[in-house]
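The values are calculated or read from the model by the stated rules, or taken from the named source; none is laboratory data. Just so you know, these numbers come straight off a predicted model, no measurement behind them. Here the Cβ positions follow ideal geometry from the backbone for every residue, glycine too, while neighbour counts run over all protein chains shown.
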Amino acid sequence: MPDAPKASPDTPQRTPGAATPGRRVQARTATSIVFALHAVVFGSWTPHIPLVKDRIGLNDGTLGLALLGGPIGSVLAMLAIGTFIARAGSRRSMIVTMIGYGAVAPLVGLADSWLGLFLALGLLGAMQSGLDISMNAQAVAIEKAYGRPVMSSFHAWWSFGAFAGTGLGILGVSIGLGLATQLALIGAAVAIAAPLLARPLIRDDRAADDHRIVLPWGNRWLLLLGAIMFAALLCEGAAGDWAAVYLRDALDAPAAVAGLGYAAFALAMLFGRAMGDRWVAAYGGGPVVAVLAAAGALALAAALLIGHPVAALAGLAVYGLGIACVVPVCFSAAAASSGSHAGHSIAAVATAGWAGFLVGPPAIGTLAHVTSLPLALGLLPILCAAVMVGALRMRRHAPAPEPSTAV
């Protein structure tokens, strides 16, 4: 197949595998499903966290240490996944990481000690972050083929998957289904779906001669995006792992109500991402992220001060909307402007982001152990406000777009 012509800064690149409208739609649909499945696994585990905490006999501090396994596996995987995508393409990388993600998920439910949970989450974090970068690299290639913002729609599907996964987790808790059994069923579905969903994906998104590892601190623009991602995904990870515990332990909410905390967060995030492409096209990514983050910071701070389950659910919902557009905006900005392969750029920014996503829960657990959980969660609106500040600086520091090197 002949090489595709390089795009100019003002002309969206058309990838050969997605040249026709029908091909673009097929690739977009398949990738959207991958985003949803990625989130279903994570979302289905969150309602079980209080039960796992009790079953293993953990306190807030030891639970936080166990949850630290995720960021370690995630960061180690990210050091290599960008280079693998550049060599093999996001399509092949998605197949490998989807199968791995489904295979290791049940290990989290089988853990019977804090060390076992730490190791299981480390493996899950590695596969989770590898799939995350792979599917976002594919999404960038599809967005280039469309020639307009579509990245938020993929992340809307992720939020839908998180909401659906949380519902499955709540159902599992309600009927007494064990976490290992639940994750085995979901993981098998993810692994089986991998080769089927890979068929319509864009194949020609790899770079032939740029296989170096890219880290965010080597580029000021990527460093800014990475800092925004770190703060936002720390907020998101903490909401996923601590919302149910906060509602149950600090506010004495019933188990079913406690499980709704992350569901409210994820549903509001779904709405924000479903609307995100329109908002970004109309107002720009930086202003959209800044306004939403400000609202989220104020709402969560108010909810923590009120200290009532209803206020907590409302605050978590606005908080979810507040950080809804951070990830798609930062990934699109990194891939469009950094000058390196999209897989490298996304991996560089995602390394910081996923570190925040997975470091957040143990950080909150450690703070909660030495103070209290409501006080520890007070860190989150502060970080949400930091996202607002960083987003306001995006327009000022954004580099001029460079031609893509993908062929």
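Okay, residues lined up against (1) assigned to a helix (DSSP H, G or I); (2) crowded, with 22+ Cβ neighbours inside 10 Å; (3) modelled with pLDDT of 85 or more:
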position	(1), (2), (3)
Asp204	no, no, no
Ala207	no, no, no
His211	no, no, no
Val214	no, yes, no
Trp221	yes, no, no
Leu225	yes, yes, yes
Ala231	yes, yes, yes
Leu234	yes, yes, yes
Ala239	yes, yes, no
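Within segment 67-75, is even one residue modelled with pLDDT under 80, touching a Gly at 6+ places or on another chain (Cβ under 8 Å) and either closer than 22 Å to Ala263 by Cα or part of a helix (DSSP H, G or I) (or both)?
Yes; the residues of segment 67-75 include at least one that is modelled with pLDDT under 80, touching a Gly at 6+ places or on another chain (Cβ under 8 Å) and either closer than 22 Å to Ala263 by Cα or part of a helix (DSSP H, G or I) (or both).
Between a first residue in segment 173-202 that is over 30 Å from Lys53 (Cβ atoms) and a second residue that is at pLDDT below 95 and not in a helix (DSSP H, G or I), which pairs have beta carbons less than 8 Å apart while being 6 or more apart in sequence or on different chains?
Between residues of segment 173-202 that are over 30 Å from Lys53 (Cβ atoms) and residues that are at pLDDT below 95 and not in a helix (DSSP H, G or I), the close pairs are Ile202/Thr15.
Kindly provide the set of residues from segment 1-51 that are of a type in the set (Gly, Ala, Ser), within 15 Å of the chain's Cα centre (by Cα) and modelled with pLDDT under 90, ordered by number.
Gly43
Need the failing condition index for Asn136 against (1) assigned to a helix (DSSP H, G or I); (2) closer than 15 Å to Arg28 by Cβ; (3) more than 21 Å from the chain's Cα centre (by Cα), just the number.
Going through the list (1) assigned to a helix (DSSP H, G or I); (2) closer than 15 Å to Arg28 by Cβ; (3) more than 21 Å from the chain's Cα centre (by Cα), Asn136 breaks only (3).
For segment 251-270, which positions are in contact (Cβ under 8 Å) with a residue 60 or more places away in the chain and either in a helix (DSSP H, G or I) or of a type in the set (Asp, Glu) (or both)? Outline the logic, then answer.
Looking only at segment 251-270, we keep the residues that are in contact (Cβ under 8 Å) with a residue 60 or more places away in the chain, and these are 251, 255-256, 258-260, 262-263, 266-267, 269-270.
Passing the criteria: Ala255, Ala256, Ala258, Gly259, Leu260, Tyr262, Ala263, Ala266, Leu267, Met269, Leu270.
What number goes with the only condition from (1) modelled with pLDDT under 90; (2) under 30 Å from His48 (Cβ atoms); (3) surrounded by fewer than 23 Cβ atoms within 10 Å (Cβ to Cβ); (4) in contact with a Leu (Cβ under 8 Å, 6 or more places away or on another chain) that Gly167 does not pass?
(4)
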